[in-house]
Amino acid sequence: MFIRHRSHGYVIKKENINEADQIFSIYTKDFGKIKVLAKASRRLNSKLRSSIQVFALAEVGFIQGKTVKTLTDAVLIKRFNNIKNSLLKLRLVYNFSRIFNALIKVQEMDDRLWGLLNKFFHDLDSEKGDSGKLEIFFYYYFWNLLDVLGYRPELELCTSCRQKPFPDKFFWISHQGGLICKNCVNKVKTKIDKIDIQTLKVLKIILNNGWQVSRRLKIDSEIRQGLKIISKKYFNHIYEKDE
């Protein structure tokens with residue numbers, strides 16, 4: 001006999017399979033991340049077609065089979081129209097959801113992850129800032145996601161000698177999880193990146209303050225490039241490590 005389950009969840013990914021089926025990746029409040037098969041959901045007369053949408057909050061019902069979870073019904077709770085009507089916000093939610101989905105294992109329920117994802121969608125939907133504010137928004141939630149997952153970077157001491165780095169020169173090493181001082185650089189055989197003091201300050205602010213404080217940050221092109229490089233390399237290191 002199949003067991004029926006219900007939960008609220010954010011739909012973070014959909015995949016079309018077969019002739020009319022879809023697979024949805026959903027982060028639920030009660031079960032963590034699940035993958036559910038929605039049979040015939042792409043057909044025009046399907047009841048699921050309008051009730052479950054990517055990047056939306058829904059109440060989902062599903063049954064657990066021997067190997068596959070099958071979606072039985074769904075109720076759309078919040079569509080987040082301000083996100084759906086903005087190309088910038090859509091791009092941001094797509095990128096964040098892709099990272100979230102890549103790093104979160106199936107059925108790892110965590111109240112902190114649910115709270116962060118819930119806040120991400122609601123904050124993004126209500127955010128009225130320009131593209132610069134949305135860029136800070138992305139990095140704020142990206143680094144706070146890593147923090148919740150246990151990958152908070154070391155931003156105060158050298159990850160090798162545990163001494164405070166000299167204030168004039170900072171280096172970053174992804175596989176050690178943060179800063180490395182100039183005295184230890186030559187002892188490391190892997191790739192080292194430079195990180196300027198302004199980029200370091202931005203990282204500290206977004207990891208130690210809420211969004212309403214972080215949204216007041218202004219970042220120039222140099223900081224933007226620094227954040228892009230460090231964020232991408234740190235994510236790649238974590239993703240490869242977890243594979």
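Structure above, values below:
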quantity: Subset of the range 206-228 [exposed (fewer than 15 other Cβ atoms within 10 Å of the Cβ) and closer than 24 Å to residue 124 by Cβ]; calculated: 208, 209, 210, 212, 213, 216, 218, 220, 221, 225, 228
quantity: Residue in the range 116-132 that is among the aliphatic types (A, V, I, L, M) and modelled with pLDDT under 95 present; calculated: no
quantity: Qualifying residue in the range 87-97 (condition: farther than 18 Å from residue 33 by Cα and without any contact (Cβ under 8 Å) to a residue 24 or more places away in the chain); calculated: yes
quantity: Count of residues meeting criterion [surrounded by 15 or more Cβ atoms within 10 Å (Cβ to Cβ), out of contact with any Pro (no Cβ under 6 Å at 6 or more places or on another chain) and of a type outside the set (Phe, Trp, Tyr)] in the range 155-176; calculated: 8
quantity: Filter pass, residue 195 being at negative phi, aliphatic (A, V, I, L, M) and touching a strand residue (DSSP E or B) at 6+ places or on another chain (Cβ under 8 Å); calculated: yes
quantity: Which listed residue, of 80, 62, 55, is aromatic (Phe, Trp, Tyr) and more than 20 Å from the chain's Cα centre (by Cα); calculated: 62
quantity: Output for the range 131-150, where each listed residue is outside any helix (DSSP H, G or I) and surrounded by 16 or more Cβ atoms within 10 Å (Cβ to Cβ); calculated: 149
quantity: Residue check for residue 95: more than 28 Å from residue 221 (Cβ to Cβ) and either under 19 Å from the mean Cα position of the chain (by Cα) or not basic (Lys, Arg) (or both); calculated: no
quantity: Residue match in the range 181-193 (condition: part of a helix (DSSP H, G or I) and either modelled with pLDDT of 90 or more or under 20 Å from residue 101 (Cα atoms) (or both)); calculated: no
quantity: Any hit, the range 37-49, residues being closer than 24 Å to residue 144 by Cα, out of contact with any Gly (no Cβ under 7 Å at 6 or more places or on another chain) and in contact (Cβ under 8 Å) with a residue 12 or more places away in the chain; calculated: no
quantity: Any chance residue 187 is exposed (fewer than 12 other Cβ atoms within 10 Å of the Cβ) and charged (D, E, K, R); calculated: yes
quantity: Strands (runs of 3 or more DSSP E) fully within the range 1-96 counting 2 or more residues that are of a type in the set (Gly, Ala, Ser); calculated: 3-17, 32-38, 57-64
quantity: Answer residue from the range 1-54, given it is at pLDDT below 95 and of a type in the set (Ser, Thr, Tyr) and is farthest from residue 112 (Cα to Cα) among those; calculated: 46
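A quick yes/no check of all residues on (1) over 20 Å from residue 234 (Cα atoms); (2) without any contact (Cβ under 8 Å) to a residue 12 or more places away in the chain; (3) aliphatic (A, V, I, L, M):
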| residue | (1), (2), (3) |
| --- | --- |
| 125 | yes, no, no |
| 149 | no, no, yes |
| 155 | no, no, yes |
| 170 | no, no, no |
| 193 | no, no, no |
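The values are calculated or read from the model by the stated rules, or taken from the named source; none is laboratory data. Not measured: the values here are computed from a predicted model. Glycine gets a Cβ as well: all are built from the backbone with ideal geometry, and neighbour counts include every protein chain shown.
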